[in-house]
1. Quick check: is even one residue across region A:150-171 away from ligand 4 (no atom under 16 Å from the Cβ), among the acidic types (Asp, Glu) and over 22 Å from the mean Cα position of the chain (by Cα)?
2. Checking A:Ile181 against (1) in a helix (DSSP H, G or I); (2) in contact (Cβ under 8 Å) with a residue 60 or more places away in the chain, which test does it fail?
3. Considering A:Leu184, A:Leu190, A:Leu121, A:Leu203, which residue is touching a strand residue (DSSP E or B) at 6+ places or on another chain (Cβ under 7 Å) and over 26 Å from A:Asp78 (Cβ atoms)?
4. Of all residues in region B:212-231, how many are aliphatic (A, V, I, L, M) and under 23 Å from B:Met280 (Cα atoms)?
5. Can you pull out every residue in region A:202-239 that is more than 13 Å from every other protein chain (Cβ to nearest Cβ) and farther than 19 Å from A:Thr65 by Cβ?
6. If a residue has to be more than 14 Å from every other protein chain (Cβ to nearest Cβ) and assigned to a helix (DSSP H, G or I) to count, how many in region B:264-301 make the cut?
7. Report whether or not B:Ala304 is more than 23 Å from B:Pro44 (Cβ to Cβ), small (Gly, Ala, Ser) and in a helix (DSSP H, G or I).
8. Determine, yes or no, whether A:Ser325 is surrounded by fewer than 16 Cβ atoms within 10 Å (Cβ to Cβ), farther than 22 Å from A:Glu33 by Cβ and either under 31 Å from the mean Cα position of the chain (by Cα) or not basic (Lys, Arg) (or both).
There are 2 protein chains.
Amino acid sequence: FGSKSLRKMPLIAVTSITDGLKRLYIEKLRPLEATYRFNDFVSPLLTNSNFDAKPMVMLLGQYSTGKTTFIKHLLRCDYPGAHIGPEPTTDRFVVVMSGSDERSIPGNTVAVHADMPFGGLTTFGGAFLSKFECAQMPHPLLDEITIVDTPGVLSGEKQRTQRSYDFTGVISWFAAKCDLILLLFDPHKLDISDEFKRVIASLRGNDDKIRVVLNKADQVDTQQLMRVYGALMWSLGKVLNTPEVVRVYIGSFNDKPINEETVNPMFRELFEKEQDDLLMDLVDIPKKACDRRINEFVKRARAAKIHAYIISHLKKEMPAIMGKSKTQQRLIDNLEAEFAKVQREHHLPAGDFPNVNHFKEVLNGYSIDKFEKLKPKMIQAVDDMLGHEIPELLKNFRNPYA
Amino acid sequence: FGSKSLRKMPLIAVTSITDGLKRLYIEKLRPLEATYRFNDFVSPLLTNSNFDAKPMVMLLGQYSTGKTTFIKHLLRCDYPGAHIGPEPTTDRFVVVMSGSDERSIPGNTVAVHADMPFGGLTTFGGAFLSKFECAQMPHPLLDEITIVDTPGVLSGEKQRTQRSYDFTGVISWFAAKCDLILLLFDPHKLDISDEFKRVIASLRGNDDKIRVVLNKADQVDTQQLMRVYGALMWSLGKVLNTPEVVRVYIGSFNDKPINEETVNPMFRELFEKEQDDLLMDLVDIPKKACDRRINEFVKRARAAKIHAYIISHLKKEMPAIMGKSKTQQRLIDNLEAEFAKVQREHHLPAGDFPNVNHFKEVLNGYSIDKFEKLKPKMIQAVDDMLGHEIPELLKNFRNPYA
Ligand SMILES: Nc1ncnc2c1ncn2[C@@H]1O[C@H](COP(=O)(O)OP(=O)(O)OP(=O)(O)O)[C@@H](O)[C@H]1O
Ligand SMILES: Nc1ncnc2c1ncn2[C@@H]1O[C@H](COP(=O)(O)OP(=O)(O)OP(=O)(O)O)[C@@H](O)[C@H]1O
Ligand SMILES: [Mg+2]
Ligand SMILES: [Mg+2]
């Protein structure tokens, strides 16, 4: 993993924060979630695998831009089942992760594995699961991050007709779970096809995770490289549509050494610097992932509280004896107004409320009368956690917001 | 003008085509224009200076990006009245053109000079003319092109409050007359201020004339240059908003040799190639300008014909004796419908018609009754010119559409 020493945060701190969150979740947040069925309305209860999952890096790009080779370059060896070649080779999503020995696990098995965080992928169906795989191997880098290799994005209409599953949906699912998304381009595959645009659009909301790699930069001469790079930035600026310029790493992330004939020594120096920068960015992931995890945990706790307020409010509106089903129907029909009441009563931001239509749909399957009343102690426990225990936890190890 | 030999079209051909157009204008087109007052409604009659004017190159950019130095680099000497310095120095528009001896002519004089094509600038008023100047000197390059130096674009609100004239209006005027527009950036002045955005917006319709120069590229190291260049392309793509990538020349267009210390030999080679490419682009201008001139001449002839049809149609609608002023008012009020009649009668494209409101305004100052009836011979003369004489002229010298 290069000669550079890794400037990373002590793994012990990450582990301790993870353990702390795990404990807080079980003691303080999960009871509230379970009582008001947060899991049915919003998001499944968290399991250990959600806390223990390694930070993930996903590689995306047209076919043959060197995604699989990039992983080989990082690991300094092939992962089990890796295929490299000039034609479209990788035909599936492969999660490359740490394991005691080298093996490939088929998608259907991966999805039901309780200690792997991929259960959510079952919603994409059997056609997808047969194109999903986990490659395990012992490797020091994989102790810190998990890498997701993907099938190359095809151009034109080919892709839509060829794939038997929701390709952009899967990418969007992984993008939400990942900590870094690398978009690979090569000088001969610059055009951003319509399909690729849809893929990039499906990353929306995760823009801050995106980095771009202009790979195989040693394959063209200097003037061509400048043209290619300029054209890439020109179109990326339009497609990504953020004011901040995305970071582009220019280099050749290959298993073979850089092409010494076409590449001028000075460009070799540039490529090496860029490669070092990218490695540093990768090494930084665990620390960033830890920050992100805390952030999401806090967001989840707030959402669970709002959910509890909504459910207990609906329960309170139910009559003691007569007209229960009529009232239930009225409440569902006027759910938006009920949300507004809850919002006013507890001074909550409107933007934090769940989608009304989705909520209605789930609510139709329940009898509101059976819900629990508001339990102030449970709310208090979550407030304590947000106000004292989490800040305390961070202070004891490190302050991610410092 | 560099050691490169100039691959230009023979000047004799340009001259012959120019002379041919001049003759055709006087014999065939000008009579039609004058008869129906095309000059009052659309565009002043052309004079020799319009035909003899050299192709123009305009330099635009933030202050201190090296516009004046770029001209010095091209000419290998200062132009009369040139100021170069790190603070905002050029405070006026300077047309640098060929002349028998070195001198500066103030803007008010330039604007009234019959053999210079700058009369139109008087509409920008005295405040502008006092910030306008012509620098003349004998120079082989200036025999072929005229160069327009401009005051640096300022950032923020400074500019709007400081300039006493319509800055973007003037730029837009020059942009229409120019054959090439160079936008200069330097690595330390990349941001495209709101004012600069307005300037770029005022170039609309002339997008194909725009080239970009990333100047002073030797002032930063390789990795920085790549960042800077990438960021420039990122934002240019959004501002220029054309699908085609604009050509960016990377280099240092300085009166001094390239900074040998910071610049690696390989980048020096790149810069030299880029500088050669830009010079070639400049050398190509006279030929392109000639094509453009023919194109505009043909467009003008079509517009003059449509104008003649409109005017003679309005004349025809006037009563012989009574109710003239009432009819005139009715025609003006329903001018759009009258345009439509002319369009149908002569099978003309609607998009080629002039702006109705502007036409109405000018028409208010005239008595329609005094206009001329349609003179088919005059129309026939222009049709002959478009159908035979111009193609003949081009064939005799060269075919610009080959
Ligand atoms: N940095 C590089 N320089 C030169 N050639 C490279 C580089 N990286 C990969 N290649 C070559 O490009 C081809 C495609 O590589 P690879 O299979 O890794 O691409 P991929 O993006 O994984 O493609 P797919 O989407 O089809 O899986 C191979 O022939 C490989 O040897
Ligand atoms: N290629 C170059 N490399 C390094 N320095 C340069 C280069 N070109 C110009 N300079 C320096 O930058 C400064 C500004 O140059 P100059 O006056 O030509 O810019 P300008 O764009 O004409 O500015 P203004 O808009 O104020 O007229 C001067 O100090 C000049 O010496
Ligand atoms: Mg692959
Ligand atoms: Mg200047």
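The values are calculated or read from the model by the stated rules, or taken from the named source; none is laboratory data. Just so you know, these numbers come straight off a predicted model, no measurement behind them. Heads up, the Cβs are rebuilt from the backbone with ideal geometry, glycines too, and the neighbour counts pull from every protein chain shown.
1. Taking region A:150-171 first, the residues away from ligand 4 (no atom under 16 Å from the Cβ) are A:150-171.
Now drop any that are not among the acidic types (Asp, Glu), which leaves A:157, A:166.
Remaining after also requiring over 22 Å from the mean Cα position of the chain (by Cα): A:157.
Yes: region A:150-171 contains one or more residues that are away from ligand 4 (no atom under 16 Å from the Cβ), among the acidic types (Asp, Glu) and over 22 Å from the mean Cα position of the chain (by Cα).
2. The number of the failed condition is (1).
3. On the way: A:Leu184 fails: over 26 Å from A:Asp78 (Cβ atoms); A:Leu190 fails: touching a strand residue (DSSP E or B) at 6+ places or on another chain (Cβ under 7 Å); A:Leu121 fails: over 26 Å from A:Asp78 (Cβ atoms).
When all the criteria are applied, what remains is A:Leu203.
4. 4
5. If the condition is that a residue be more than 13 Å from every other protein chain (Cβ to nearest Cβ) and farther than 19 Å from A:Thr65 by Cβ, then A:Arg204, A:Gly205, A:Asn206, A:Asp207, A:Asp208 are the ones that fit.
6. Just the residues of region B:264-301 that are more than 14 Å from every other protein chain (Cβ to nearest Cβ), to begin with: B:279, B:281-301.
In the following step, the residues that additionally are assigned to a helix (DSSP H, G or I) were identified as B:279, B:281-283, B:285-301.
Residues meeting the conditions: 21.
7. no
8. In short, yes.
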